[in-house]
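Data first, discussion second: the structure below is written as structure tokens.
The values are calculated or read from the model by the stated rules, or taken from the named source; none is laboratory data. Computed from a prediction, not measured in an experiment: that's the story for all the values here. For neighbour counting, all protein chains shown are included, and Cβ atoms are generated from backbone atoms with ideal geometry for every residue, glycine included. These area figures cover heavy atoms from the full protein model, side chains too; ligands, DNA and RNA do not enter into them. Shrake-Rupley method; radii C 1.70, N 1.55, O 1.52, S 1.80 Å.
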Amino acid sequence: VLKKDVPNLLGDAADHFHAIAARQGLEVPDFKHYVLHPGGQRVLENFEKTFDVPREALQHSYDCMRENGNISSASILDVLRRLFESGTAEAGDTVFFGGFGPGFSAVLGTGVWAAAERVTAERVGMG
């Protein structure tokens, strides 16, 4: 269980988030997609406020949290799956990744969407 002040610690870590984004020549709100661990509604809301990111940009994280609760680090893969299945990510889109852990630890990264076409479960023999 996270301490009550953990969602507010995002502000304290803002410099690290900005440094990660700057490596791509961007600011945090400039990313096209966000794949965030939904550690709780307050964490996501604080991310929105701290980095001026609209709620819609975190919809996949909110949906994961609503449907699954906090499923720890596996949530990143679920949020990524949701983005993938939405078909909204296009080759060249920038993606900001964030995973949050106990005592407030964070794993952050950025990426560029490279899928030239949508791959379905049926196409790869999984459906």
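A few remarks follow.
Conditions tested, residue by residue: (1) part of a loop (DSSP other than H, G, I, E, B); (2) under 14 Å from Gly111 (Cα atoms); (3) at pLDDT 85 or above.
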position: His16; (1), (2), (3): no, no, no
position: Gly39; (1), (2), (3): yes, no, no
position: Leu44; (1), (2), (3): no, no, yes
position: Ala57; (1), (2), (3): no, no, yes
position: Leu83; (1), (2), (3): no, yes, yes
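- Selection from the range 81-100 of residues that are among the acidic types (Asp, Glu) and either open to solvent by less than 30 Å² (accessible area, probe 1.4 Å) or closer than 11 Å to His33 by Cα (or both): Glu90, Asp93
- Scanning the range 67-80 for residues that are open to solvent by 50 Å² or more (accessible area, probe 1.4 Å) and of a type in the set (S, T, N, Q) returns Asn68, Asn70, Ser72, Ser73.
- Checklist (1) surrounded by 13 or more Cβ atoms within 10 Å (Cβ to Cβ); (2) in contact (Cβ under 8 Å) with a residue 12 or more places away in the chain; (3) closer than 22 Å to Ser105 by Cα applied to Asp52, failing item: (1)
- The test for being within 13 Å of the chain's Cα centre (by Cα) and modelled with pLDDT under 90 holds for Gly109.
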